[in-house]
Amino acid sequence: MLSLDQALEQAQVDPQLVSVVDSITITCKNIAERLRGGALSGLYGSAEQENIQGEVQKNLDVISNDLLKQVLLANRSVAGIASEEEEDVIAGNEEGQYLVTFDPLDGSSNIDVNVTVGTIFSILALPKDCTEVTADTFLQAGNKQIAAGYVLYGPSVILAITTGKGVAMYNLGADGVFYQTQDQVQVPTTTAEFAINISNQRFWQAPMQAYVNDLLLGEEGPLGKRFNMRWIASMVAEVHRILTRGGIFMYPYDSRDPSKAGKLRLMYEGNPMSFLIEQAGGAASNTLQPIMDVEPHHIHQRVPVILGSKEEVERINRYHKA
Ligand code: P6P
């Protein structure tokens, strides 16, 4: 079986980029160890502080963020980082050629109940004419990403990654090496499985309400088939299911906070997951355009997310154009 480093070398990935990916995956192994301790690790519970998102941080949110920040800023290939848990971007090494955005522990409300969580990362190139790394340096559309992926901390620890040449999956072995288990992952173009937090239904816009109502009508409805539903409240787990067997994941705009375009963040959730899904033959939209075409204006901006099996995403887009 190919190791991660062997596979990246075979794909002739820039050694500096390999170094950045290695920094991320080595840190994720450390995070996985702390998660595995569970309640015995003494790391459950709240950090009694809020992040820039206004969310109460879990201890492991803070620990995971600190670990990734420390390792990436020590990597001379990293010019800067941006994290869901950090208000501002942090400049790295002057000779660095890559920028990294990350959600250190997505789905962390699941930690204390022992449900799957994950680390999401996106890698951008430092613009050639950049003389100082600021927040603006990171404001690149998702279609400019160099690489993206996640590490899923579930029954097994799995890395999914793309460097723009398809998606590969790796399992963490007992020896601490990520071994390739699948290459050129393909998302089935059709599905009968949807994921959405339906408790927000009354806050959705009319086209989303209409679509989900049609889903729930099953065989007798306009979609002509029965759908099953999943909601794990962990985007990494939902996306992994979709990469593995297809499906549709939706976190649409809702009117609970009209100032926010949705719950999920563009730069370190929407874009990296969209890159993976599109590289695997799926689609990812904010209902009006591909998520990776959205021009960012703030490092923490939010975006409605509809992603998964291509034909189902295209159907939802049609509901929003009708
Ligand atoms: P809700 C986790 O907090 C997250 O950012 C995603 O991983 C997940 O899909 C979503 O939010 C869950 O949101 O509103 O169902 O708790």
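The values are calculated or read from the model by the stated rules, or taken from the named source; none is laboratory data. Quick caveat: nothing in here was measured; it's all calculated off a predicted structure. All Cβ positions, glycine included, derive from the backbone under ideal geometry; neighbour counts span all protein chains shown. For the accessible areas, the whole protein counts, side chains as well, though only heavy atoms, and no ligand, DNA or RNA atoms are used. Shrake-Rupley method; radii C 1.70, N 1.55, O 1.52, S 1.80 Å.
A few remarks follow.
- Of the criteria (1) within 19 Å of the chain's Cα centre (by Cα); (2) farther than 23 Å from Met1 by Cβ, which one Lys128 fails: (1)
- Of all residues in the range 36-58, those satisfying the criterion of being modelled with pLDDT of 75 or more and hydrophobic (A, V, I, L, M, F, W, C) are Ala39, Leu40.
- Residue within the range 312-319 that is surrounded by fewer than 19 Cβ atoms within 10 Å (Cβ to Cβ), hydroxyl-bearing (Ser, Thr, Tyr) and closer than 27 Å to Leu223 by Cα present: yes
- Flag for Pro127 being more than 17 Å from Met235 (Cβ to Cβ), open to solvent by less than 50 Å² (accessible area, probe 1.4 Å) and either in the same structural domain as Ile24 (by TED's automatic domain parsing) or assigned to a loop (DSSP other than H, G, I, E, B) (or both): yes
- Residue tally, condition part of a strand (DSSP E or B) and hydrophobic (A, V, I, L, M, F, W, C), over the range 302-322: 3
- One residue alone among Asp254, Asp183 is within 12 Å of the ligand (Cβ to nearest atom) and out of contact with any Pro (no Cβ under 7 Å at 6 or more places or on another chain), and that residue is Asp254.
- Failed item, numbered, when Asp136 is tested on (1) in a strand (DSSP E or B); (2) within 24 Å of Pro290 (Cβ to Cβ): (1)
- Residues satisfying the stated conditions in the range 107-118, i.e. open to solvent by 10 Å² or more (accessible area, probe 1.4 Å) and either within 25 Å of Ala141 (Cβ to Cβ) or in contact with a His (Cβ under 9 Å, 6 or more places away or on another chain) (or both): Thr116
- Qualifying positions in the range 194-211 - more than 14 Å from Ile242 (Cβ to Cβ) and surrounded by 20 or more Cβ atoms within 10 Å (Cβ to Cβ): Trp204, Met208, Tyr211
- Options Thr191, Thr244; residue that is more than 16 Å from the ligand (Cβ to nearest atom), buried (at least 18 other Cβ atoms within 10 Å of the Cβ) and on the phi < 0 side of the Ramachandran plot: Thr191
- Scanning the range 219-230 finds one or more residues that are among the aromatic types (Phe, Trp, Tyr), open to solvent by less than 50 Å² (accessible area, probe 1.4 Å) and free of Cβ contacts under 8 Å to residues at least 40 places away in the same chain.
- Scanning the range 258-274 for residues that are within 14 Å of the chain's Cα centre (by Cα) and open to solvent by less than 20 Å² (accessible area, probe 1.4 Å) yields Leu264, Arg265, Leu266, Met267, Tyr268, Glu269, Gly270, Asn271, Pro272, Met273, Ser274.
- Selection count, the range 258-288, where residues are away from the ligand (no atom under 12 Å from the Cβ), in contact with a helix residue (DSSP H, G or I) (Cβ under 9 Å, 6 or more places away or on another chain) and not charged (D, E, K, R): 17
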